[in-house]
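The values are calculated or read from the model by the stated rules, or taken from the named source; none is laboratory data. No experiment lies behind these values; they were computed from the predicted model shown. Please note: Cβ atoms are built from the backbone with ideal geometry, for glycine as well, and neighbour counts cover all protein chains shown.
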Amino acid sequence: MRNLTALLFSGGLAFLLMVIAWQFTLGDAPMLIGAAILDNAVKEVGAANLVTSVVLGYRGIDTLGEIAILFTAATATSMVLGSFAMTDEASETEQREDGSILGSSVRLFFPLLLTLGLYIIVHGHLTPGGGFQGGVILAGAFFLPLLAIPGRSINHGGIALVEGFSGAAFILIGLTALFSGQAFLQPLFEHGVIGHLFSAGSLPLLYIAVGLKVGAELSGLLANLAGISSHAAEAEK
Amino acid sequence: MIWLVALMVFIMLLAAVSMLLVESQVSAVALSAAVSLALSILFVILQAPDVAMTEAVVGSGLSAIILALTLNRIHRFKQTTTAETENDA
């Protein structure tokens with residue numbers, strides 16, 4: 001039964017990819033919204049990356065919902081997993097010797113990943129990528145040392161602080177637009193010159209908030225899953 | 001271009017089918033990451049770099065890490081087969 005389901009799934013996937021490869025036309029969608037956004041997004045929002053102008057400009061509330069879903073999922077996982085202490089066997093394997101190659105390469109990669117993640121977040125309105133992608137890279141950057149260097153712990157209080165502040169910042173930017181007589185989460189400020197770092201109004205601020213929130217949330221989640229917490233580090237001391 | 005697409009589809013199918021056949025669960029996790037990586041290249045070909053980036057980062061990075069950590073949590077993070085694990089227990 002399991003094999004049959006997997007076969008059906010693989011077959012369906014292959015069919016879909018073949019549809020893409022040979023470009024079959026399955027129906028004829030009018031695509032009115034897409035065409036309207038393509039025509040107007042650059043002069044209405046001022047972001048060089050059209051995807052960002054949709055994600056944060058036209059569909060800001062959807063993004064807020066997305067953040068809320070992520071927050072709920074991360075909180076639920078932490079609640080379920082945080083109460084389970086790792087058993088002795090597992091914590092013994094965690095205390096294995098520090099491999100010097102692993103440790104050094106992580107120390108080399110950590111600043112590079114940090115720079116890449118922040119670059120993708122800050123340039124979200126100019127180049128592909130943005131808060132979600134950069135946030136996951138940030139979470140990976142902060143999680144790598146936890147995996148590779150034994151005894152390294154993560155500050156859950158600090159993570160919660162960053163997460164809370166960035167989430168509140170996203171909503172506050174939206175409320176500022178609301179109280180200045182516009183719609184909730186409508187882009188604020190002047191558009192600036194398209195393609196410049198300081199352009200597209202408040203979209204970069206929103207994406208920085210999203211990126212920090214996603215990064216903090218996911219690194220906390222990964223640390224919880226790996227059974228690394230500040231409690232365990234305190235107990236060792 | 002069509003050959004690159006066909007190659008990526010072939011890699012994805014190969015990885016997906018062998019994911020069902022391999023004995024080790026850790027290998028299955030790695031193969032699922034390979035599927036996502038090939039898929040992200042397909043997204044680049046389809047001129048969707050944002051989606052490709054998300055697929056590469058989330059699909060092949062984050063979800064593989066989460067699956068591997070979960071295997072570690074339930075003490076299945078071993079290079080042994082499932083049959084051997086059952087024999088041990």
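Just a few scattered comments:
- Residue in the stretch A:187-197 that is surrounded by 20 or more Cβ atoms within 10 Å (Cβ to Cβ), β-branched (Val, Ile, Thr) and at pLDDT below 80 present: no
- When we screen A:13, A:17, A:70 for residues that are under 16 Å from residue A:206 (Cβ atoms) and crowded, with 16+ Cβ neighbours inside 10 Å, the only hit is A:70.
- Helices (runs of 4 or more DSSP H) contained in the stretch B:13-82 and holding at least 2 residues more than 23 Å from residue A:139 (Cβ to Cβ) and within 12 Å of chain A (Cβ to nearest Cβ): B:25-45
- Scan of the stretch A:137-152 for residues that are under 26 Å from residue A:196 (Cβ atoms) and in contact with a Ser or Thr (Cβ under 8 Å, 6 or more places away or on another chain), ordered by number: A:138
- Qualifying positions in the stretch A:44-65 - touching a residue at least 40 places away in the same chain (Cβ under 8 Å), of a type outside the set (A, V, I, L, M) and part of a helix (DSSP H, G or I): A:52, A:53, A:57, A:60, A:63
- Filter pass, residue A:178 being more than 14 Å from chain B (Cβ to nearest Cβ) and either modelled with pLDDT of 85 or more or under 21 Å from residue A:43 (Cβ atoms) (or both): no
- Considering the stretch A:1-54, the residues that are among the polar types (S, T, N, Q) and more than 14 Å from chain B (Cβ to nearest Cβ) include one that is farthest from the chain's Cα centre (by Cα), namely A:25.
- Single residue of A:179, A:109 found to be more than 30 Å from residue A:65 (Cβ to Cβ) and surrounded by fewer than 19 Cβ atoms within 10 Å (Cβ to Cβ): A:109
- With respect to the stated conditions, residue A:33 fails to be in contact (Cβ under 8 Å) with a residue 60 or more places away in the chain and either of a type in the set (Gly, Ala, Ser) or surrounded by fewer than 18 Cβ atoms within 10 Å (Cβ to Cβ) (or both).
- Here is the figure for the stretch A:122-136: residues that are crowded, with 24+ Cβ neighbours inside 10 Å, hydrophobic (A, V, I, L, M, F, W, C) and modelled with pLDDT under 90 total 1.
- Listed conditions (1) within 30 Å of residue B:43 (Cα to Cα); (2) in a helix (DSSP H, G or I); (3) not hydrophobic (A, V, I, L, M, F, W, C) are all met by residue A:129, apart from (2).
- Cross-chain or 6+ apart pairs with Cβ under 9 Å, the stretch A:1-30 first and part of a loop (DSSP other than H, G, I, E, B), then aliphatic (A, V, I, L, M) and surrounded by 10 or more Cβ atoms within 10 Å (Cβ to Cβ): A:24/A:18; A:26/A:19
- Only listed residue being surrounded by fewer than 23 Cβ atoms within 10 Å (Cβ to Cβ), within 14 Å of chain B (Cβ to nearest Cβ) and in contact with a Ser or Thr (Cβ under 7 Å, 6 or more places away or on another chain), chosen from A:155, A:224: A:224
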